[in-house]
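See below for the structure under consideration.
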Amino acid sequence: MNIIYKFIPFVPILPLLGAIFLGLFGKKFHKKFGETATGIVGCLTPGLAGIIAYTCFFILLSMPEAERSVTVEMAPWFGTGIFQIGWTLTYDVLSAMMLLIITGIGFLIHVYAMGYMQGDKSFWRFFSYVNLFTASMLMLVLGDNLIVMFLGWEGVGLCSYLLIGFWFDTEANAVAGKKAFITNRVGDLGFLTGIFLIMMFSMQNPDFLEITLSFDELSQRIGYLAEQSIWGLPLLEVVGFCFFIGAMGKSAQIPLYVWLPDAMAGPTPVSALIHAATMVTAGVYMMARMNFLYSLAPQTLGIVAIIASLTCIFSASIGLTQFDIKKVLAYSTVSQLGYMFVAMGVGAYSAGVFHLLSHAAFKAALFMGSGAVIVAMHHEQDMRKMGGLLKKMPVTGWSFILATFAIMGFPGTCGFFSKDEILWKAFSQGNYFLWLIGFIAAGMTSFYMWRLVFMTFFGKTRADHHTYEHCHEQPKRTVLPIAILAIASMLIGWLNVPHFLGGHSNFSQYLSPEVKDLSVAPAVHYKELMANKAAHNNHQATAPSGHAHEEHHAEDHSGHAAHGEISAHGGDAAHGENAAHGEDAAHGGHADHSQLEWDLMVASVLWTLFTAFLAYIMYLGKPQLRLFIMRFSLSRSVFTLLYNKYYVDELYEAVILNRLRDLYILMSAVDKYIVDGVVNLMGWLSKVLAKITGGFDAEFVDGNINGAADMIQQGGRLVSRMQAGKVQKVILSSLLIFSALVVCLFYLLIKS
Amino acid sequence: MELLTVISLGIGLLVVASSLVVAFNQNLLRSAFAMFGALFGVGALYATLQADFLAMVQILVYAGGICVLFIFGTMFTKEVTEDPERSNPSYQNLFPYIAIVIIACFMIFCLQDAQWAEGSRWALDSTVKDLGRRLLTDYLLPFEVVSFLLLTSLIGAMALILQGGKK
Amino acid sequence: MTLLGTLCISAILFALGLVTFITRRNAIAVLMAVELILNAAALNFAAFAHAGIGAHILQGQVFSLFIIILAAAEAVVALALVMAVYREKGHIYLDRLTSLQG
């Protein structure tokens, strides 16, 4: 406890120091001590942060479950009136897990980057950026209030921009960076709107003596916020949707996913770290963190689930046809993020977070593997020019294949446990549509991943002789992280073995203090909650409200995950009946459920194996079959549609960008003719005025009143010299205005 | 009338007179020397306000340092400062004087009306010890920042002069 | 002397500094004006400290001290700048230093 309290602030601070050091002195350091030393400095800070994070994690595990939350107040940040925003960190089960991912995988990717970025002329700059990214991501995860979280949120967006455009001397990279940044801005607007709405409604309640926007505080006040409404809609629905827009941008959901595939222009370690393992999961993390809010916003969750499932299948289908190895992985990432949001949308937050964890492991391994292949092939990314690389790069190849097993959901791997958990949650809530889409997308995933593997590592090589001969295994610091992550992706799944397979859902259990899953569909849950509340209010009408505070910890009799505890505290929530309902369902439906779960699991395993086999036939066994299929015009047009990514970029270009461009042209015209015109007119007018006064002076004024005329002339000159940019004149004019005001004041005083 | 009041009124008159010379004298060198009087007078006023350390610092830093710098600066740029047309107040434009008179009257008018929450006056032997303690406890951070600023400005001034010399 | 008297002196000092600042064309004279203005402010603080206004009895004096230090730093750098300008342009007339004007 004490150790956590002391050391947790160092977790984000260390990488920040590294970033500052490398950013300021990196160039000289690089020149003096060489590349390796720079790389070691770059790896050291996340490494140290990782050591702290892992130590603290085990300390946290040793604490009793109810106390697993440490809040560290580092310093006050700003405060106005009742707003008191602080640099406050919170270390609880959720952020502890995220820290493990960020520092653990982050460290491995740093090590990998030392090999990948070898010989780059701005090696130090890369490490500075990546360290800064790590620091902001840790800040995002550790932030105790929305503002600190938003700081990290913006920080990772900035670093993502810097790193996508890392090789900014190529036009396409700079454009991709800009695209990512601007798309994220759209999302951030949603996030900010959410924060402002919460602020606004918190301000309206005079009972709130202090507003810190911390998550703890929000969860306590959620009862009050749930009763508010805005624009005729319940407040929490609107706020939840606003935050989801932020998540859309950061986590690449429809319609804001377009930046992620383009982001592959950055160096591959960046793709692995930012665009697969950590940053893109920020949205998922945010929703899991605010699960108390989303549990009370069923409509929003419904929208989330629909958008997520569409994203999932949409991008998976695009992935089927891409030839760029990193593009396939990018669309795969979007699709997997879709899975996570499906889990969020059905209220199975812990399942989504678990998929986040497993996805981070296998996708980082896949990206790093593809990076190793790309470097070995002399920066060739087209899979059509690869093939047969397994012989040349055995360690990379086998790690890649292991990770592919994980992503397809082969029994025993982490993808199997996490993906099936999500699908089962969707199915068990009666959301057969979501389940079906997820199921089909799982098959597609398996197909395109095996297609990638077969095209890259198996068969005869299609690379030119020279490249193939020179292709070799990368240095150890590149290969080792891939292997470690591949093995990790084999093992992580066993953390969360579901009950019907004889496990205990340890992971969900571990997260339960912070992340409270819904046991039934969100809409049903909400309805029950409202009904209970109404009944409760009637029941307790005479009792003082202070006694109404009632908390129910659902016991885990039937072995199902804890449910029923809904974070609607605030003294008016009773969930006895709700929990009873959950237990009934658990008792009654246990046998059926496990049978059904088995069936679904077997079905999805068979289905993914089938599509993998299909990939084998089409790309390795009988390529003629593929050519045969492509002969039909229908399949050809489908292929073209998918290959061109449903023409979404073109659509955006036509619908949004061109309209914006028209707007800019209009604005510039307005600027040119109207604004400039007014300015010129004023200038002309003052000139005329000066001339008139001058003329007046010359024509009509006698020598007697020369002084006054002089003053008028001076005034005219003063007006015409307004824009001269001279400090003395500016101060003089402000003084003149001030003294004129004083005179007016005195005049009024005397008059009254 | 107390002796102290008489003395401080005299000093105040000295300050006002010297700053009048600073503001209106046609010869800039004379203005610079008058500056000495004004700054010294302010130092003396500090002394009457029981701020002995401040008075010392004022005389050392301002009268001894900055004022000499000004005199040197004026002398270095002698050929341009002696041009009365350019370096001196332009009496043709009356606006500044009117504005200043109005503002000064306004300030004094406001001061006469103001209600200050005056506390008890104290009788300290010397403020040096207490000031030193304050600077190294309550005001440690500003103190350090200011010392860094002084160092920076020292180096900056030298760099400016030396760079010009290279050309 | 009363608090009011000191404040009046400082107000006059301030006004004279301001008028010097506005009317002079010579950069060194303008610097002198800035010093006068800063002195007026510092004098105010010391007067307040003497009258017992402030969180503690020395608060005003500490402020004055910092003002003096900052003014010293400012004077050194500004004079160096003026010298550099003089070397570059051969004059230090503010109304003719317009090369940065758009």
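Do you know which residues across the range A:213-231 are under 25 Å from the mean Cα position of the chain (by Cα) and not in a helix (DSSP H, G or I)?
Once the filter is applied, which keeps residues that are under 25 Å from the mean Cα position of the chain (by Cα) and not in a helix (DSSP H, G or I), the range A:213-231 yields A:213, A:214.
If you go through the range B:5-41, how many residues are touching a Ser or Thr at 6+ places or on another chain (Cβ under 8 Å) and not in a helix (DSSP H, G or I)?
Qualifying residue count for the region: 1.
Output the qualifying pairs, or none if there are none: Cβ atoms under 8 angstrom, residues six or more apart or on different chains, first residue in the range B:46-65 and more than 7 Å from chain C (Cβ to nearest Cβ) and more than 14 Å from residue C:64 (Cα to Cα), second residue among the aromatic types (Phe, Trp, Tyr) and open to solvent by 30 Å² or more (accessible area, probe 1.4 Å).
Once the first residue is more than 7 Å from chain C (Cβ to nearest Cβ) and more than 14 Å from residue C:64 (Cα to Cα) and sits in the range B:46-65, its partners that are among the aromatic types (Phe, Trp, Tyr) and open to solvent by 30 Å² or more (accessible area, probe 1.4 Å) give B:63/B:36; B:63/B:40.
Quick check on this structure: which one of A:174, A:180 is surrounded by 14 or more Cβ atoms within 10 Å (Cβ to Cβ), without any contact (Cβ under 8 Å) to a residue 24 or more places away in the chain and farther than 20 Å from residue A:78 by Cα? Reasoning before the result, please.
Working: A:180 fails: without any contact (Cβ under 8 Å) to a residue 24 or more places away in the chain.
A:174 is the lone residue from the list that is surrounded by 14 or more Cβ atoms within 10 Å (Cβ to Cβ), without any contact (Cβ under 8 Å) to a residue 24 or more places away in the chain and farther than 20 Å from residue A:78 by Cα.
Does the range A:386-413 hold any residues that are of a type outside the set (D, E, K, R), in a helix (DSSP H, G or I) and under 22 Å from residue A:475 (Cβ atoms), and which are they?
Selection gives A:389, A:390, A:394, A:395, A:396, A:397, A:398, A:399, A:400, A:401, A:402, A:403.
Determine, yes or no, whether residue C:60 is crowded, with 24+ Cβ neighbours inside 10 Å and more than 8 Å from chain B (Cβ to nearest Cβ).
Judged against the criteria, residue C:60 is a match.
Output the residues belonging to the range A:316-344 that are polar (S, T, N, Q) and closer than 15 Å to residue A:356 by Cα.
Just the residues of the range A:316-344 that are polar (S, T, N, Q), to begin with: A:317, A:321-322, A:332-333, A:335-336.
Listed by number, the residues that qualify are A:332, A:333, A:335, A:336.
Which condition does residue C:91 not pass, out of (1) modelled with pLDDT under 85; (2) surrounded by fewer than 18 Cβ atoms within 10 Å (Cβ to Cβ); (3) at the interface with chain B (Cβ under 9 Å from one of its Cβ atoms), if it passes all the others?
If we test residue C:91 against (1) modelled with pLDDT under 85; (2) surrounded by fewer than 18 Cβ atoms within 10 Å (Cβ to Cβ); (3) at the interface with chain B (Cβ under 9 Å from one of its Cβ atoms), just (2) comes out false.
How about the range A:623-671: which helices (runs of 4 or more DSSP H) wholly inside it have at least 1 residues that are touching a Pro at 6+ places or on another chain (Cβ under 6 Å) and modelled with pLDDT under 75? Explain how you work it out, then say what you get.
Working: elements: A:623-630, A:633-643, A:648-652, A:658-669.
So the answer is none; nothing clears 1.
Among the residues of the range A:500-531, how many are open to solvent by 30 Å² or more (accessible area, probe 1.4 Å) and of a type outside the set (Phe, Trp, Tyr)? Please lay out each step first, then the result.
Step one: of the range A:500-531, the residues open to solvent by 30 Å² or more (accessible area, probe 1.4 Å) are A:500-502, A:504, A:506, A:509, A:513-514, A:516, A:519, A:523-524, A:526-528, A:530-531.
Checking the rest, the ones that are also of a type outside the set (Phe, Trp, Tyr) come to A:501-502, A:504, A:506, A:509, A:513-514, A:516, A:519, A:523-524, A:527-528, A:530-531.
So the count comes out to 15.
Could you tell me which numbered condition residue C:82 fails, if it satisfies all but one of (1) at pLDDT 90 or above; (2) within 7 Å of chain B (Cβ to nearest Cβ)?
With (1) at pLDDT 90 or above; (2) within 7 Å of chain B (Cβ to nearest Cβ) applied to residue C:82, the lone miss is (1).
Out of all the residues in the range A:237-258, which are part of a helix (DSSP H, G or I) and either in contact with an Asp or Glu (Cβ under 9 Å, 6 or more places away or on another chain) or surrounded by fewer than 24 Cβ atoms within 10 Å (Cβ to Cβ) (or both)? Give the steps one after another, and end with the answer.
So the first thing to find is which residues in the range A:237-258 are part of a helix (DSSP H, G or I), and the list is A:237-250.
Within the range A:237-258, A:237, A:238, A:241, A:242, A:245, A:246, A:249, A:250 qualify.
Any residue that is part of a helix (DSSP H, G or I) and open to solvent by 50 Å² or more (accessible area, probe 1.4 Å) - is there at least one of those in the range A:134-151? Spell out how you get there, then give the answer.
Going through the range A:134-151, the residues part of a helix (DSSP H, G or I) turn out to be A:134-142, A:146-151.
Okay, now just the ones that are also open to solvent by 50 Å² or more (accessible area, probe 1.4 Å), so A:151.
Among the residues of the range A:134-151, at least one is part of a helix (DSSP H, G or I) and open to solvent by 50 Å² or more (accessible area, probe 1.4 Å), which makes the answer yes.
Quick one: would you say residue B:17 is surrounded by fewer than 24 Cβ atoms within 10 Å (Cβ to Cβ), more than 9 Å from every other protein chain (Cβ to nearest Cβ) and modelled with pLDDT under 90?
On the way: surrounded by fewer than 24 Cβ atoms within 10 Å (Cβ to Cβ): yes; more than 9 Å from every other protein chain (Cβ to nearest Cβ): yes; modelled with pLDDT under 90: no.
For residue B:17, the condition - surrounded by fewer than 24 Cβ atoms within 10 Å (Cβ to Cβ), more than 9 Å from every other protein chain (Cβ to nearest Cβ) and modelled with pLDDT under 90 - is not met.
Quick one: is residue B:42 out of contact with any Pro (no Cβ under 7 Å at 6 or more places or on another chain), facing chain C (nearest Cβ under 9 Å) and modelled with pLDDT of 85 or more?
In short, yes.
If I filter the range A:160-179 for residues that are out of contact with any Pro (no Cβ under 7 Å at 6 or more places or on another chain) and within 14 Å of residue A:16 (Cα to Cα), do I get at least one hit?
no
If residue C:43 satisfies all but one of (1) within 20 Å of residue B:30 (Cβ to Cβ); (2) aliphatic (A, V, I, L, M); (3) at the interface with chain B (Cβ under 8 Å from one of its Cβ atoms), what's the number of the condition it fails?
(1)
Take residue C:3 and decide whether it is in contact (Cβ under 8 Å) with a residue 60 or more places away in the chain and surrounded by fewer than 22 Cβ atoms within 10 Å (Cβ to Cβ).
No.
Scan the range A:397-420 for residues that are within 25 Å of the chain's Cα centre (by Cα) and open to solvent by 20 Å² or more (accessible area, probe 1.4 Å) and jot them down.
Of everything in the range A:397-420, just one residue is within 25 Å of the chain's Cα centre (by Cα) and open to solvent by 20 Å² or more (accessible area, probe 1.4 Å), namely A:420.
The values are calculated or read from the model by the stated rules, or taken from the named source; none is laboratory data. Note that the coordinates shown come from a computational prediction; the quantities given were computed from them, not determined experimentally. Note: ideal-geometry Cβ built from the backbone for every residue, glycine included; neighbour counts use all protein chains shown. Just so you know, the surface numbers come from the protein's heavy atoms only, side chains and all, with ligands and any DNA or RNA stripped out. Shrake-Rupley method; radii C 1.70, N 1.55, O 1.52, S 1.80 Å.
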